[in-house]
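Encoded as structure tokens, the structure appears first; notes follow it.
All of the numbers you see were taken from the coordinates with simple rules; none came from a lab. Keep in mind it's a predicted model, so treat the numbers as computed, not measured. Cβ placement follows ideal geometry from the backbone for every residue including glycine, while neighbour counts extend to all protein chains displayed.
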Amino acid sequence: MNLQELLNSQMDFASLAALGRRGWDWWTDELSGLLPAAWRARLSSRPRLLAEQVSPGAWRFWRDGHATQEGLAPPDAGSAVGLLLPPRAVLAREVAAPRMPAADVRRMLALDIDRLSPLAPELIHFDIEVVDRAAADGGRRAVVGIVPRDAAAALLAAARARGLAPVAMGVRTDGASLEPRFNFLPAVLAAAGEARTGRARLYWAAAVFGLLLLNVAVLVGRDMADVARLRGVAEAQAPMVNTVLGLRRRVEAEERRRAELLARGRRSDPLRMLDALSQAVPPGAWVQHLEWNGQTLRIVGFRRPDIDMAAAIRGSGAFTNPRLLGREGAAASGPAPMNPFDITADARPVVRP
């Protein structure tokens, strides 16, 4: 099931929890496959105490390969035990398997379990054991163990009724060795809707949580070190930065002062004023007196009666607010009558590009 199918499906919380457990089991199996064999043996959930039901109500116990008193309960009631099935209760057959992780081999054989088992898949539990010896085709061999579901469920119920806490369920090998093969308990618990328990899950959960905390601690430590390093670099360069900032402020102030001087020079330029005034004074008007202080212009002269000097000065575009100073005098005598004028105006501010 991919992510799109998961989002489009209708699943309750129990189904999502079961899916999460299966994903967790797959991930821990993949990680355990990367560990050396000695480490896997230490982290495995295989218990030190083994129990075998010899008859209804009668049990035999072994601790670290040594038999305890027959017929008696284990030394610690409720201790974690591994249940042993008799060899005749489990069907084992050897099949070819490619060189891939055990979890992938298990999934591959699960698709073909109906051919490998004389019983229907819904009536059995199975487990595999990969044999690390080379085959003729360059692959490996895997041993498939098959147990009826009712036999496994009956053994689990009898063990719990005895007060035992099963953490594994395998089959006792023939001979003197008590090392069990297979582990059917995860499949039995999954069929019953129970979560698998064992030390391996706790170890892996603790390891993942510890690695997560370690990653967070490393990231926080690196960030703190980076911040401290940047603070040190900033403090070391603070005098140079202050010098550069002071120089920049002085340069900007000098640029503003020069711009103001240039604008003031453009406003008070007499040549510019004379050029604008010569174009503004119409024919028929004569200027006798001129005053210019860089901002205010005053002109005194004579004009023909039909000439409006205020309008002519305003229309030049170089001056604003033209106004008459006093009343105009009487017309001058001569062949053509002339009227005196006395006008002042302000220079129009120069628009900076």
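Annotations
- Ranked by how many other beta carbons lie within 10 Å on average, peptides 249-261, 142-154, 117-129 from highest: 142-154, 117-129, 249-261
- Cβ charges +1 (Lys, Arg) and -1 (Asp, Glu), total dipole of region 270-347, debye: 40
- Whether region 270-347 is rounded, prolate or oblate, judged on the alpha carbon gyration tensor where a/c under 1.5 counts as rounded: prolate
- Packing-based order for 315-322, 231-238, using average beta carbon neighbours within 10 Å, highest first: 315-322, 231-238
- Given charges at beta-carbon only (K, R positive; D, E negative), |dipole| of region 79-161 in Debye: 140
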